[in-house]
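Student: This structure is in structure tokens; I'll ask about it shortly.
Each value in this text was obtained by applying a stated rule to the coordinates, not by laboratory testing. Only a predicted model underlies this, so the values are computations on that prediction, with no experimental measurement involved. Using ideal geometry, Cβ is built from the backbone for each residue, glycine included, and neighbour counts are taken over all protein chains shown.
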């Protein structure tokens, strides 16, 4: 299945009653978050150390299978002016390569300021510097996933009102 271009297309491709997985792709790590089956709350799950793409994809798809995930959303790191640089191109390539290995719907979601929001939340929770370093990518993945979950809920409400 190709990477889906819009939240509407992603929503239409999702199987009912399955949670979603959110990914925050860094150069050294991948933050992973998951949602509940009702797709209302995103929770940080873990941070994977990046290796070769094949090993990373296998680990992510194994996690998705274990948790009965219905779709995957990857953070798309746009610049503040909305343009896309090398990191966004890398995320798009990762998404395309992952899509070639799975039937799960995959979407990209604008992740501008997700790491800043994650850092702020961890600081407000009085998390130690060492612990922040360990969990920040997973928390950023949860922020990315929650953004998409909120959009999906908005689309669903709009469909019911029509």
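Student: Decide, for segment 1-45, between rounded, prolate and oblate: order the square roots of the alpha carbon gyration tensor eigenvalues as a ≥ b ≥ c, take rounded if a/c falls under 1.5, and otherwise choose prolate if a/b is larger than b/c, else oblate.
Tutor: Details: a/c = 2.78, a/b = 1.26, b/c = 2.20.
Here segment 1-45 falls in the oblate category.
Student: Also, quick follow-up: Before rounding to the nearest 500, sum -39500 (n - 2.57) across all DSSP H runs of length at least 4 in the chain and divide by the residue total; then give [θ] at 222 nm in deg cm²/dmol.
Tutor: It comes out at -16000 deg cm²/dmol, rounded to the nearest 500.
Student: Another question about this same structure. Report the full-extension gain for the segment residue 63 to residue 40: residue separation times 0.36 nm, less the Cα-Cα distance, to one decimal in nm. Numbers along the way, then the final one.
Tutor: Numbers: separation 23, 0.36 × 23 = 8.28 nm, distance 1.96 nm.
Taking 0.36 nm per residue and subtracting the Cα distance, the gain is 6.3 nm.
Student: Rank-order 89-100, 31-42, 138-149 by packing density, defined as the average count of other C-beta atoms within 10 Å over each peptide's residues, highest first.
Tutor: Working: 89-100: 15.7, 31-42: 19.8, 138-149: 26.0.
Those peptides, ordered most packed to least, come out 138-149, 31-42, 89-100.
Student: Another question, then. Taking the DSSP beta bridges in the chain as the whole, what percent of them are antiparallel, to the nearest 5? Mind showing how you got there, number by number?
Tutor: Working: 13 of 25 bridges.
Antiparallel: roughly 50 percent of the beta bridges in the chain.
Student: Ok, one more. Working out 0.36 nm times the residue gap between residue 52 and residue 84, then minus their Cα-Cα distance, what length gain in nm do you get to one decimal? Provide the component values of the computation, followed by the final result.
Tutor: Numbers: separation 32, 0.36 × 32 = 11.52 nm, distance 2.38 nm.
Difference between extended and current length: 9.1 nm.
Student: What is the order of 56, 24, 81, 110, fewest Cβ neighbours within 10 Å to most?
Tutor: Numbers: 56 19, 24 29, 81 5, 110 15.
So the residues, fewest neighbours to most, are 81, 110, 56, 24.
Student: According to the square roots a ≥ b ≥ c of the eigenvalues of the Cα gyration tensor, what is the shape class of segment 27-97, taking rounded for a/c under 1.5, prolate for a/b larger than b/c otherwise, and oblate for the remainder? Kindly include the intermediate steps, with their values, before the conclusion.
Tutor: Numbers: a/c = 2.07, a/b = 1.33, b/c = 1.55.
Cα axes put segment 27-97 in the oblate bin.
Student: Then there's this: Any chance you could run the full-extension gain for residue 96 through residue 27? It's 0.36 nm times the residue separation minus the Cα-Cα distance, nm to one decimal. Spell out each step's value before the answer.
Tutor: On the way: separation 69, 0.36 × 69 = 24.84 nm, distance 1.72 nm.
Computed gain between residue 96 and residue 27 is 23.1 nm.
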